[in-house]
1. Looking at THR159, THR181, which is the one that is touching a residue at least 12 places away in the same chain (Cβ under 8 Å), within 30 Å of GLY246 (Cβ to Cβ) and not in a loop (DSSP other than H, G, I, E, B)?
2. Does segment 101-122 contain any residue that is of a type in the set (D, E, K, R), assigned to a helix (DSSP H, G or I) and buried (at least 18 other Cβ atoms within 10 Å of the Cβ)?
3. Can you list residue pairs whose Cβ atoms sit under 7 Å apart, with the first residue in segment 191-206 being touching a residue at least 40 places away in the same chain (Cβ under 8 Å) and the second being among the acidic types (Asp, Glu)? Count only pairs 6 or more apart in sequence or on different chains.
4. Output the number of residues of segment 282-312 satisfying the condition of being modelled with pLDDT of 95 or more and either acidic (Asp, Glu) or surrounded by fewer than 20 Cβ atoms within 10 Å (Cβ to Cβ) (or both).
5. Does VAL80 meet the test of being of a type in the set (Val, Ile, Thr) and modelled with pLDDT under 95?
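The values are calculated or read from the model by the stated rules, or taken from the named source; none is laboratory data. Since this is a predicted model, take the numbers as computed values, not measurements. A quick note on method: Cβ atoms are made from the backbone with ideal geometry, for glycine too, and the neighbour counts reach across all protein chains shown.
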Amino acid sequence: MDIGRQRPPQALFNPLALWSEWICSTASCCILQLAEASRSQQFAQCDRLFQQAIKAFGTPAFDIEQVEFDDRRMPVSESVVMESEFCRLRSFSCKRGRSGKRARRILLCAPLAGHHAVQMREVVQSLLPHADVYVSDWVDARDIPRAAGDFHLDDVVLTLQHFMVGLKPAKLDVLAICQATVPALAAAARLAGAGYPEPRSLVLLGGPIDPRCNRTPLTRMAESLPPSWLDALGTHIVPSGYPGAGRRVYAGFLQYPSLILGQPERQFSLFFDYIQSQGAGDAQTAREAERSIAHYGALLDMPAEFILDTLRVVFQQTLLPKGIWRVAGSLVRPDQLRETRLLTIEGSRDTISGAGQTHAAQGLCVGVPAERRHRITIAGCDHYGLFGGPNWRTAVYPAVHDWLVG
């Protein structure tokens, strides 16, 4: 993005202004009236307004042109190596020297939790000097034709399992973040149960493996939210003008207020950093802050059936930690993992996935010898710090790197 071509300040706040306008216009409606309005032209109009607002930031893209390695800048190659109508496996690689030694391969399981995978850009940048990185880039459901069919939580597991097999799991390191920790663990367990080679390592960051541990406001809400209520008020039909017109989705623009309310200090610190760096004439910092704002606001629509599955399986019935989750008819058994090295990382200030929710994987993977399992809690780290910002750079990434090469 060209910082030299200044955007008007209001462009940065368009999403907030939109939601302020939306909330004010509907505050006088009762909940049933709101539900009815969300099925009508008002929903389509608000969706289009939001899409226009976030266009001010440009189309989200990883845009990683080069990385530094051994005091050298090396060009990065990006391509799509596997894909379905619901997900693209995006590959990032660079030439690191003439040793002939094949680079480590890492499958980065990005969460299907409302953001485009581009939010993992800093993670990819950090990993690239030492590994080829493959990222699960989930397609915006508004762009998936209805003819492609439904997409459930089981399908996320099977998609990740397919990627693991295609990348040769015996020499593959798997890094899963947030929501992706649940299907990634299930996919690895299914490989072990089916007699496939296991991933060399599995790193889980800030995810709801067992959301009963130290419940957060998010997990309490998910536990108590009636699926019928979510279906009535939170899911909507993609309006005309998109390839996925007619598909039922949990719309991206409806998620923006919950993101702000969940961690308002992050949202406003991004804007503050941008404004401060602009005032100081620091173009590089301003560019990075602008990119962070764009990525944070790069929301996507998710299939409604996937959201309802996640609510039921992960949060309300907690099928994985109870040992009764079946995917494609087969029981998910993390205890069948034997060879995979397991690392779980949590942030002490994570208000999305509470303390112990990710470390719960340690108690499920009892077949992995204790010396091949490790847990780390990063002091002073919130949820987003687990995959971006100072905490990622100074504490989380070094721990991940040491574990992978250890």
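1. Working: THR181 fails: within 30 Å of GLY246 (Cβ to Cβ).
The unique qualifying residue is THR159.
2. Within segment 101-122 (the criterion being of a type in the set (D, E, K, R), assigned to a helix (DSSP H, G or I) and buried (at least 18 other Cβ atoms within 10 Å of the Cβ)), the answer is yes, since at least one residue qualifies.
3. Listed pairs, sorted by first residue: ALA192/GLU198; GLU198/GLU339; PRO199/ASP173; ARG200/ASP173; SER201/ASP173; GLY206/GLU346; GLY206/ASP350.
4. Final tally of qualifying residues: 3.
5. Working: of a type in the set (Val, Ile, Thr): yes; modelled with pLDDT under 95: no.
So VAL80 fails the test.
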